[in-house]
1. Tell me the residue from B:125, B:65, B:96 that is over 21 Å from the mean Cα position of the chain (by Cα), farther than 21 Å from residue B:170 by Cβ and modelled with pLDDT of 85 or more, please.
2. If residue A:39 meets every condition in (1) in contact (Cβ under 8 Å) with a residue 12 or more places away in the chain; (2) in contact with a Ser or Thr (Cβ under 9 Å, 6 or more places away or on another chain) apart from one, which number is that one?
3. Quick one: in the range B:111-132, which of the residues that are part of a helix (DSSP H, G or I) and facing chain A (nearest Cβ under 8 Å) is nearest to residue B:145 (Cα to Cα)?
4. Can you tell me which of B:92, B:105 is part of a loop (DSSP other than H, G, I, E, B), within 24 Å of residue B:53 (Cβ to Cβ) and either hydroxyl-bearing (Ser, Thr, Tyr) or at the interface with chain A (Cβ under 8 Å from one of its Cβ atoms) (or both)?
5. For the range B:114-138, what are the residues that are over 18 Å from residue B:201 (Cα atoms) and surrounded by 20 or more Cβ atoms within 10 Å (Cβ to Cβ)?
6. Any idea which residue in the range A:260-313 is nearest to residue A:179 (Cα to Cα), counting only those that are within 14 Å of chain B (Cβ to nearest Cβ) and small (Gly, Ala, Ser)?
7. Pick from A:134, A:116: which is in a helix (DSSP H, G or I) and touching a residue at least 60 places away in the same chain (Cβ under 8 Å)?
8. From the list A:309, A:243, A:287, exactly one residue is modelled with pLDDT under 90 and among the hydroxyl-bearing types (Ser, Thr, Tyr). Which is it?
Amino acid sequence: MTGLPAPSPQRRLLPVLGQIALGLGTLAITLLGLLLITFVIARIVPTDPVLSIVGERATPAQIAAIREKLGLDLPLWQQFLIYVRDAVQGDLGRSIRTGQSVTAEIARYFPATLELATLGTIFGTLVGVPAGVLAATRPGSIADQIVRVVGLMGYSMPVFWLGLIGLLVFYGQLDWVAGPGRLDPVYDMMMQFTLTSYTGMILVDAALNGAWDVFANAVSHIVLPAGLLGYVSMAYISRMTRSFMMNELGQEYITTARVKGMPEWRVIWVHAMKNVAVPLITVIALSYAYLLEGSVLTETIFAWPGLGSYITDALFAADMPAVLGGTVVVGVAFVTLNMASDILYRLVDPRARA
Amino acid sequence: MSLLEVRNLRVTFATETGEVQAVRGVSFTLGHERLGIVGESGSGKTMTGRSVLRLVRPPGRIEADAMTFDGRDLLHASEREMRALRGKRIGMVMQDPKYSLNPVMTIGRQLTEGLRLRDGLGRSDATAKAIAALEAVQIRDAARVMEAYPHELSGGMGQRVMIAMMLIPEPDLLIADEPTSALDVTVQAEVLSILDGLVRDRGMGLIFISHDLRLVARFCDRVLVMHKGLVVEEIEAAHLMEAQHPYTKGLLNCLPRIGGSRAPLPVLDRAGF
């Protein structure tokens, strides 16, 4: 007997560890490329960081001094190396608008986005996968039609419109949820002055502090925007789940499972689902990354102080270090998620492991 | 009493351009014997086999005047009763193990899941039984095969696993749907002889579906020749070469013979039927 690998529990894990090492290498190269692109963009755009610091009436001597201070008099490649060196050390420069460290500012804004996107993805997955399976197992049925129409609405209705209507109905009319922002002002003060911040994600921090009133308030604030993002990702995930599941249910191994007398739930949720999970992981990771990129519109409507609104504000102020810093963080999140989905993919699919 | 009785079986598919009958009235009875069903692609032989298990996927529809297995009415049995029959008393081996085994589950899990879920066996008992079943199909390295995934096995090995899996519950009837068509010729003989031995030893009924007339003649007691959803001839396998029906004769004429003339083989004349 040849070709059969030795039986051992490490068989699942060892190749995966190798993949992780390889993935980290790829990650480094990708990020370097990302830095290069953002750097080039920063030099191409017709904004002058010096001018926005010194103002229009500065003397040429003042301008030259600032240029030198910012390192703009050096050759481009040297500037890039400095940029990379700083970025590796976690220094993304200073915001021109506020004069603060971009890294520190992003550390304040990003958790808000992370919290929102994570909840949205969880919601989208928990609803989207069963909905897709339901539709796939009863093609043409009323359930299938409902999933299709609801999903189509999620695709096609602009998110800002859904958000405004949502606010109007659930906040304005029904008063079921809290309005824009992450917390009511009172709780916001409590959060800032009396509670310890561990992660910057209010739900997590409030829970860790045992401050359940803050937690409850945060929940009522996040439900609507997270539900909205969840709806959009659910629309996508349910569609993809439906088509993956339909495809798997037509496979011969499904007949085998039925011949073995397996009950239908097991045929669908174990035999087929294990195969559906393989492509679905990528879909969910992509939709998560998409939400993390800063759902600018959603964050704007809900006055959500997240990465999306941070980058937008910085852009309007021609605050390039802030824009670039935000872009790099988004890029890192994207690449990291991609890698994570690659690894998960290999854990689920034995054929991809070898 | 016969094990399986099928009377006037019809399988209909509703398509956009109207109904298509894949099987148009097939009748046969089966004891503890080996029945071959031969026919070209699309003759309805596979659908006949799957109808017995009631595993024709929608929009396919199964109808018959009667279909009983061991005295039980298969047409009106509940899905739960069908599941009990499928798991326990009727098995089916399909054409290509590349597709009929679940690619992301280990062989071990696929072999033991019936034992564990339906029969409530513990992990070690189920594993022991599964290994014994693998050894019965002449897999020497059973413990290692248990840990392997389907893509790590060769075709012949995969098909033996499939046979082992279907024989674990010791069914009374095995449907083998082109069990060797996806295999190399050398491996075919091996798998067939394993299948033959097990079916003989356990006294099972066998429905052997194939497009290979000679194979069926050698391997079965009785042969149904199907064409366009109908049985055109039912004949003792030993007398296959004396078949009367022009379609069967036509098929036989199209077979090459070792040592025969090198002239081009005749093409099946479809005008007559």
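1. Details: B:125 fails: farther than 21 Å from residue B:170 by Cβ; B:96 fails: over 21 Å from the mean Cα position of the chain (by Cα).
Result: B:65 is the single residue among B:125, B:65, B:96 that is over 21 Å from the mean Cα position of the chain (by Cα), farther than 21 Å from residue B:170 by Cβ and modelled with pLDDT of 85 or more.
2. So the condition that residue A:39 fails would be (2).
3. Step by step, filter the range B:111-132, then rank; the result is B:113.
4. B:105
5. Those that are over 18 Å from residue B:201 (Cα atoms) and surrounded by 20 or more Cβ atoms within 10 Å (Cβ to Cβ): B:114, B:115, B:126, B:130.
6. Among them, the one singled out is A:277.
7. Just a single option satisfies the conditions, and that option is A:116.
8. Criteria check complete, one pass: A:309.
The values are calculated or read from the model by the stated rules, or taken from the named source; none is laboratory data. Since the model is a prediction, treat every value here as computed from it, not as a measurement. All Cβ positions, glycine included, derive from the backbone under ideal geometry; neighbour counts span all protein chains shown.
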